[in-house]
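Visitor: Got a structure here, written out as structure tokens. Questions coming.
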Amino acid sequence: MNAKLHAITSAASAIRRSGEVPASVALYQQIKDFIASRIQDGTWRPGDKLPSENDLVVQFGMSRMTVNRALRELVEQGRIRRVAGVGSFVADDKPQANLLQIASLAEDIRRRGHDYACDVIVVERTSASLEIATALGLTTGASVFHSVCVHLENGVPMQLEDRYVSPAMVPQFIQQDFAREQPADFLVRTVLFDQMEHVVDAVLPTAEQARLLQMDAHQPCLLLTRRTWQRDIPITIVRCLHPGMRYRLGSRFRTDGNALSS
């Protein structure tokens with residue numbers, strides 16, 4: 001018996017002993033707590049394969065439906081990931097994006113030793129809706145550039161980027177190959193912006209957004225909306241949608257206003 005199955009057998013025996021677990025604790029929660037505790041204490045590390053669903057059913061003496069619910073909720077919480085036909089694995093630690101600056105997502109992913117890719121869904125010139133025209137200081141129906149990209153880490157979608165750009169401020173935007181250089185990197189390299197606004201919301205994805213991010217539509221996302229200006233003239237508005245189970249947003253800074261060295 002390998003170490004993981006031995007640990008499960010011991011835990012299952014403890015759960016079955018009367019008085020060990022309060023009656024109010026649901027069966028699926030007991031399995032969740034066991035797996036989460038092993039991840040928390042480092043017994044099972046990111047990338048480790050978990051015991052199979054069948055092993056959990058046999059060792060805990062619980063139904064497949066109960067075990068499946070425990071694993072499904074751990075996936076939704078970002079603690080584990082499931083690969084169809086392969087098994088369940090401890091999820092990697094969530095990467096964190098800095099809210100106070102425009103960081104290169106591609107560089108962040110490569111710095112972690114992972115593969116970065118960008119799927120370009122659309123790059124087009126279109127007419128600005130009232131909302132986009134207002135955000136960019138244009139008239140409704142004015143010409144704007146629009147791009148949609150999915151950014152992937154090790155083949156897993158991490159961000160859906162939906163961007164509108166003022167043609168007057170960045171006329172060369174429409175000509176770029178964003179599979180080679182992501183839009184944010186191109187704009188930081190070529191445009192001198194002096195103002196930036198970030199707003200974060202918790203949202204549910206649309207069916208199409210969920211499809212592009214390869215996630216369930218009922219799982220929450222973090223939506224970062226960013227606007228930039230140059231001398232009070234709007235440059236771009238972008239909405240970056242992140243699956244909450246795969247990503248987090250945050251910043252660390254000094255109380256005197258100075259940036260921390262990386």
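Visitor: So in region 164-176, with the set limited to residues that are β-branched (Val, Ile, Thr) and in contact with a helix residue (DSSP H, G or I) (Cβ under 9 Å, 6 or more places away or on another chain), which one is nearest to Leu130 (Cα to Cα)?
Guide: If we filter region 164-176 for residues that are β-branched (Val, Ile, Thr), which is where we start, we get 165, 170, 174.
Checking the rest, the ones that are also in contact with a helix residue (DSSP H, G or I) (Cβ under 9 Å, 6 or more places away or on another chain) come to 165, 170.
Numbers: Val165: 15, Val170: 20 Å.
Ranking the qualifying residues of region 164-176, first place goes to Val165.
Residue by residue, here is whether (1) of a type in the set (Phe, Trp, Tyr); (2) closer than 15 Å to Ser166 by Cα; (3) in a strand (DSSP E or B) holds:
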residue: Cys118; (1), (2), (3): no, no, yes
residue: Ile121; (1), (2), (3): no, no, yes
residue: Arg125; (1), (2), (3): no, yes, yes
residue: Glu131; (1), (2), (3): no, yes, no
residue: Thr139; (1), (2), (3): no, yes, no
residue: His151; (1), (2), (3): no, no, yes
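Visitor: Collect the residues in region 44-65 that are over 25 Å from the mean Cα position of the chain (by Cα), of a type outside the set (A, V, I, L, M) and open to solvent by 30 Å² or more (accessible area, probe 1.4 Å), keeping them in residue-number order.
Guide: Ser52, Glu53, Asn54, Asp55, Gln59, Gly61, Ser63, Arg64
Visitor: Here is a further query. Looking at region 33-43, which of the residues that are open to solvent by less than 30 Å² (accessible area, probe 1.4 Å) and at pLDDT 85 or above is farthest from Asp92 (Cα to Cα)?
Guide: Of everything passing the filter in region 33-43, Phe34 is farthest from Asp92 (Cα to Cα).
Visitor: If you don't mind, another one. Would you confirm whether any residue within region 152-172 is surrounded by fewer than 16 Cβ atoms within 10 Å (Cβ to Cβ), without any contact (Cβ under 8 Å) to a residue 60 or more places away in the chain, polar (S, T, N, Q) and farther than 29 Å from Arg111 by Cβ?
Guide: no
Visitor: Quick one: which residue in Ile109, Ile121 is surrounded by fewer than 17 Cβ atoms within 10 Å (Cβ to Cβ) and more than 21 Å from Gln230 (Cα to Cα)? Even if it seems obvious, please write down each step before you answer.
Guide: On the way: Ile109 fails: surrounded by fewer than 17 Cβ atoms within 10 Å (Cβ to Cβ).
Exactly one of Ile109, Ile121 is surrounded by fewer than 17 Cβ atoms within 10 Å (Cβ to Cβ) and more than 21 Å from Gln230 (Cα to Cα), namely Ile121.
Visitor: Quick one: is Ala179 part of a loop (DSSP other than H, G, I, E, B), out of contact with any helix residue (DSSP H, G or I) (no Cβ under 6 Å at 6 or more places or on another chain), touching a residue at least 12 places away in the same chain (Cβ under 8 Å) and outside the structural domain of Val75 (by the TED database)?
Guide: In short, yes.
Visitor: Next question, about the same structure. Exactly one of these conditions fails for Leu192: (1) surrounded by 14 or more Cβ atoms within 10 Å (Cβ to Cβ); (2) without any contact (Cβ under 8 Å) to a residue 60 or more places away in the chain; (3) assigned to a loop (DSSP other than H, G, I, E, B). Give me its number.
Guide: It is condition (1) that Leu192 fails.
Visitor: I would also like to ask the following. Return the pairs, sorted by first residue and then second, in which the second residue is of a type in the set (Lys, Arg), the first residue lies in region 58-73 and is part of a helix (DSSP H, G or I), the beta carbons are less than 8 Å apart, and the residues are 6+ apart or on different chains.
Guide: Matching pairs, first to second residue: Ala70/Lys32; Leu71/Arg82; Glu73/Lys32.
Visitor: Can I ask one more? Picking from Val150, Val188, Val165, which residue would you name as being touching a Leu at 6+ places or on another chain (Cβ under 6 Å) and β-branched (Val, Ile, Thr)? Full working, then the answer.
Guide: On the way: Val188 fails: touching a Leu at 6+ places or on another chain (Cβ under 6 Å); Val165 fails: touching a Leu at 6+ places or on another chain (Cβ under 6 Å).
Val150 is the lone residue from the list that is touching a Leu at 6+ places or on another chain (Cβ under 6 Å) and β-branched (Val, Ile, Thr).
The values are calculated or read from the model by the stated rules, or taken from the named source; none is laboratory data. Note that the coordinates shown come from a computational prediction; the quantities given were computed from them, not determined experimentally. A quick note on method: Cβ atoms are made from the backbone with ideal geometry, for glycine too, and the neighbour counts reach across all protein chains shown. Keep in mind that these areas ignore ligands, DNA and RNA; they rest on the heavy atoms of the full protein, side chains included. Shrake-Rupley method; radii C 1.70, N 1.55, O 1.52, S 1.80 Å.
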